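K.L.:
Have a look at the structure that comes next, please.
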Amino acid sequence: MRKGQNLFVRRIGCVLKALAFSLCVLVLSISGAKAADWPSDLLNKVEELHTKANAKEDMPAQLDGIPVIDGAKAYELWKAGKAIFLDNRVKSQYEAEHIKGAKWFLTDELIKNPDKVNELDKNNVYVVYCNGVKCWRSPAAALLLKHAGFKVLWYREGIPDWKKRGYPVE
């Protein structure tokens, strides 16, 4: 083989390797095999919520791009089976009492491990809740899940409101 042809073959080999690598990255990103780390601006918003909770302040009335629902709407979604409820409180609180059928999904773990989103299905609608208007976990979960591309609703008043209305818990 001539020198020019040999260089051409090597260049083609490098291009093919680069294309194969790019294809693998694309497939992994589309399949959701690994979530990226959370962006710092998003983590700053989560930290602001945590700081408000430590100061015993109410969480914001709204979050950008995330619908806030009241107890009546939450119950309507729950009764119709149109959403999956995610309890974002600590395990001991979840085990003591939670909205009937809710799944435990701890915000603290989601912050530490973005891959936790892979436990959820993007085809579902999720309602996140925690201990009411002074709890930081459900608004933080809402922000993180929305960033990851999930359909999420925030039940701001959470389980205290649910129980006050006499809705089912287990």
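K.L.:
Whenever you get a sec, compute what percent of the accessible area on the stretch 122-166 sits on carbon and sulfur atoms (1.4 Å probe).
P.N.:
Working: 780 of 1680 Å².
The C+S portion of the solvent-accessible surface of the stretch 122-166 is 47 percent.
K.L.:
Further, regarding this structure: Pairs Lys45/Lys79; Lys122/Lys164; Lys45/Lys151; Lys122/Lys163; Lys52/Lys146; Lys56/Lys79: which are spaced more than 27 Å apart, C-alpha to C-alpha? Write out the running numbers ahead of the final one.
P.N.:
Details: Lys45/Lys79 32 Å; Lys122/Lys164 31 Å; Lys45/Lys151 19 Å; Lys122/Lys163 29 Å; Lys52/Lys146 21 Å; Lys56/Lys79 32 Å.
Result: Lys45/Lys79; Lys122/Lys164; Lys122/Lys163; Lys56/Lys79 exceed 27 Å.
K.L.:
A further question on this structure: Amide H neighbours of Arg156 under 5 Å, at least 5 residues apart or on other chains, H built in the peptide plane: list them.
P.N.:
The answer is Ile69.
K.L.:
Can you work out the accessible area per residue across the stretch 57-106, with the rest of the protein chains kept in place, probe 1.4 Å, in square angstrom?
P.N.:
Numbers: 2700 Å² over 50 residues.
So the stretch 57-106 comes to 54 Å² accessible per residue, rounded to a whole number.
K.L.:
Also, quick follow-up: Hey, what D do you get for the stretch 67-112 in µm²/s if you plug the Kirkwood alpha-carbon radius into Stokes-Einstein at 37 °C and 0.692 mPa s? Intermediate values should be presented prior to the final figure.
P.N.:
On the way: Rh = 11.6 Å.
Using the Kirkwood radius from Cα pairs, D works out to 284 µm²/s.
The values are calculated or read from the model by the stated rules, or taken from the named source; none is laboratory data. As the structure is a computational prediction, the values presented were derived from the model and not from experiment. Accessible surface areas use protein heavy atoms only, side chains included; no ligands, DNA or RNA. Shrake-Rupley method; radii C 1.70, N 1.55, O 1.52, S 1.80 Å.
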